[in-house]
Amino acid sequence: MIYLRSFLFQLVFWLWSASMAVFMLVTLPMPRAVNRACMATWSWGLRLLLRVLVNVKIEIRGQENIPHAAGLVAAKHQSMFDVFSQFSILPDACFVMKKELLMVPLFGWHGLKADMIVVDRDGHSAALKKLVRDAVGRMKESRQIVIFPEGTRGKVGEPGDYKPGIAALYRELNMPVTPLALNCGSHWNKSLLIQPGTIVFEYLPAIPAGLKRGEFMRELQTRIDTATKALEDAGL
């Protein structure tokens, strides 16, 4: 039964996503607020599909730690849903995304319309400077910048390899960072099979501004990886 339900979910997921992407073409000349509302609708739709088709519940922990104005969120990365989910949780999510994603049909256009921060991972120091410059601009719009410090999806149970981008943002923006632990990979990963259970997004207390780089990176990785392992070990 799990194979049939997973197949059905994958089919409806792609139909729902493609339909929304095509529909959103009409929003390209409209204000970004319309794009934001469509992204939230798409995300809520995915959450409903997970619940109804494959019996995956969504639980949000630490809601008191979610930034509702300008904020910086550093998240564990295990699944596509790490990204999709945030449009229905954060008021105005702005993701740091690799430039290769701009080449994805429709997705790239909507990413540009949503004013995401696009980085060239091969750009080294120039890319970091652009990342910080763009982040400053998004903060003026009171958005919540979401960055995956590992840069790419990791495997469940493996510690992350945290890249310097988050440290640059932490230093230059001089603001707290909200760590986000999750267990998406235990239910929806690169496999087509969806495991029933509960996906948890746990927003941890913010790391205060002003720490030295090494101390900040150790604190960030310890908090995220420890809380993520606890969620995985719980077998939700």
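The values are calculated or read from the model by the stated rules, or taken from the named source; none is laboratory data. Keep in mind it's a predicted model, so treat the numbers as computed, not measured. We place every Cβ from the backbone using ideal geometry, glycine too, and count neighbours over all the protein chains shown. Please note that ligands, DNA and RNA were not included when accessible areas were found on the heavy atoms of the full protein model with its side chains. Shrake-Rupley method; radii C 1.70, N 1.55, O 1.52, S 1.80 Å.
Computed across the range 74-153, the Kirkwood hydrodynamic radius from all distinct Cα-Cα pairs reaches 13.1 Å.
One decimal place: the segment R32-L15 gains 3.7 nm when fully extended, by the rule 0.36 nm per residue minus the C-alpha distance. Relative to the current alpha-carbon distance between R218 and V104, full extension at 0.36 nm per residue lengthens the span by 37.6 nm.
Spread over its residues, the convex hull of the C-alpha atoms of the range 98-139 is 50 Å³ per residue. For F95, the residues 5 or more places off, or on other chains, whose built amide H falls under 5 Å of its own are I117, V146. A full extension of the chain between A126 and N55 corresponds to an added length of 21.1 nm, given 0.36 nm per residue minus the alpha carbon distance.
The residues of the range 23-121 have, on average, 44 Å² of accessible surface per residue, using a 1.4 Å probe with all protein chains present.
Compute the Cα gyration tensor for the range 1-71, then decide on rounded, prolate or oblate, letting a ≥ b ≥ c be the square roots of its eigenvalues: rounded whenever a/c is under 1.5, prolate when a/b is larger than b/c in the other cases, and oblate in all that remain.
oblate
Overall size of the chain from C-alpha positions, given as principal axis extents largest first: 51, 46, 34 Å.
Hey, if you drop one equal point scatterer on each alpha-carbon of the range 168-236 and run the Debye formula without solvent, what base-10 log of I(q)/I(0) do you get at q = 0.21 Å⁻¹? The Debye formula, applied to the Cα set alone, gives -0.84. Shape index of the range 97-236: Rg/Rh, with Rg the Cα radius of gyration and Rh the Kirkwood radius from the inverse mean 1/r over Cα pairs, equals 0.97.
Give me the net charge for the shell around A227: Cβ to Cβ below 14 angstrom, other residues only, Lys and Arg +1, Asp and Glu -1.
-2
Rounded to the nearest 20 debye, the dipole magnitude of the range 83-236 is 420 debye, with +1 charges on Lys and Arg beta carbons, -1 on Asp and Glu beta carbons, and the Cα centre as origin. The simple spin-label model puts a point 7 Å past each Cα toward its Cβ; for T152 and T41 those points are separated by 3.5 nm. Taking the centroid of alpha carbons for each part, the range 195-223 and the range 55-75 are 12 Å apart.
Per-residue ellipticity at 222 nm computed for the chain from its helices equals -14000 deg cm²/dmol, with DSSP H segments shorter than 4 residues left out and the rest contributing -39,500 (n - 2.57). Summing charges over neighbours of A93, with a neighbour being any other residue whose Cβ is under 9 Å away from its Cβ, gives +1 when K and R count +1 and D and E count -1. Sum up the charges of everything whose Cβ sits under 13 Å from the Cβ of R143, counting Lys and Arg as +1 and Asp and Glu as -1, but leave R143 out. Spelling it out: positives minus negatives among the neighbours equals 0. Sparsely packed loop sites in the range 97-206 (the GluC sites (Glu not before Pro) outside DSSP H, G, I, E and B with at most 11 other Cβ atoms within 10 Å) comprise E141.
Using every pair of separate Cα atoms, the Kirkwood estimate puts the hydrodynamic radius of the range 1-133 at 16.4 angstrom. Solvent-accessible area of H68, all protein chains in place: 130 Å² (probe radius 1.4 Å, heavy atoms, ligands and nucleic acids excluded). In vacuum, with every alpha carbon of the range 34-94 counted as one equal point scatterer, what does the Debye formula give for log10 I(q)/I(0) at q = 0.14, 0.19, 0.25 Å⁻¹? Two decimals, please. Here the Debye-derived log intensity ratios amount to -0.42, -0.78, -1.24.
The solvent-accessible area of L128, taken with every protein chain present and a 1.4 Å probe, is close to 60 Å². A probe of 1.4 angstrom, applied to the heavy atoms of all protein chains, finds F107 with accessible area near 80 square angstrom.
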